[in-house]
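Accompanying notes for the structure given below.
The values are calculated or read from the model by the stated rules, or taken from the named source; none is laboratory data. The model shown is predicted, which means the values in this text are computed figures rather than measured ones. Neighbour counts run over all protein chains shown; Cβ positions are idealised from the backbone, glycine included.
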Amino acid sequence: MDLLTYLTQASPDEWHQVAWNWNWDSGEEVLRWIIRQPTCDRGTALLVYWYGAPRYFAQYPSRNEVLQFELEGYDLVMEIERHYLAGAYARQEIAFDPRHDQGYDWTADYADIPNRRPIPEPMSVASPGRTVERETAYDEGYPPGVDAGADADA
């Protein structure tokens with residue numbers, strides 16, 4: 001089974017695991033597909049947001065100043081921020097705390113880079129929901145039984 005087929009049949013909890021284990025070197029298309037689903041969980045959206053390095057992108061006051069090769073990541077982070085603040089992620093079943101993700105504080109990343117565009121405070125607040133364990137059987141975001149070599153143009 002390819003990843004797109006898996007995602008279309010998977011639950012929001014399974015999407016969370018894919019996002020949590022995703023190898024960002026494989027691109028943002030899969031993550032973009034997940035965060036655009038009507039049932040994407042608020043915790044998953046917040047996880048993808050912080051794994052996308054919003055503090056790094058805060059050095060740019062506008063999209064016009066973002067380097068060309070960084071635009072996909074910047075656009076993904078900004079899309080999540082807009083939708084999150086607008087209340088688009090209504091499902092709130094999976095907890096995610098950007099200040100304590102398995103002992104890591106994502107909000108402290110890139111603290112040495114000047115922040116020219118503030119990150120809205122709600123983006124730093126833990127999302128409500130149940131705590132889930134990270135599945136270690138996912139291979140760079142691909143669940144067991146999903147072919148990482150198959151074309152998954154999500």
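Brief remarks on what is shown
- Residues located in segment 1-27, provided they are modelled with pLDDT under 95 and either β-branched (Val, Ile, Thr) or within 14 Å of ILE80 (Cα to Cα) (or both): THR5
- Residue match in segment 11-34 (condition: in a loop (DSSP other than H, G, I, E, B) and without any contact (Cβ under 8 Å) to a residue 12 or more places away in the chain): yes
- Selection status of VAL30, modelled with pLDDT of 95 or more, farther than 26 Å from TYR138 by Cα and of a type in the set (A, V, I, L, M): no
- Of the residues making up segment 112-132, those that are aliphatic (A, V, I, L, M) and closer than 15 Å to TYR56 by Cβ are ILE113, ILE119, MET123.
- Meets criteria (touching a Phe, Trp or Tyr at 6+ places or on another chain (Cβ under 9 Å) and either closer than 26 Å to PRO143 by Cβ or small (Gly, Ala, Ser) (or both)) for VAL66: no
- Meeting the requirement of 2 or more residues that are at pLDDT 95 or above, among the aliphatic types (A, V, I, L, M) and within 16 Å of the chain's Cα centre (by Cα), the helices (runs of 4 or more DSSP H) wholly within segment 41-154 are 42-51, 71-85.
- Inside segment 28-48, residues that are closer than 15 Å to ASP13 by Cβ and among the acidic types (Asp, Glu) make up a count of 1.
- Index of the failed condition, LEU47 passing every other in (1) over 19 Å from GLY129 (Cα atoms); (2) surrounded by 19 or more Cβ atoms within 10 Å (Cβ to Cβ): (1)
- Matching residues, segment 58-110, being surrounded by 12 or more Cβ atoms within 10 Å (Cβ to Cβ) and either touching a residue at least 60 places away in the same chain (Cβ under 8 Å) or of a type in the set (Lys, Arg) (or both): ALA58, ARG91, GLU93, ILE94, ARG99
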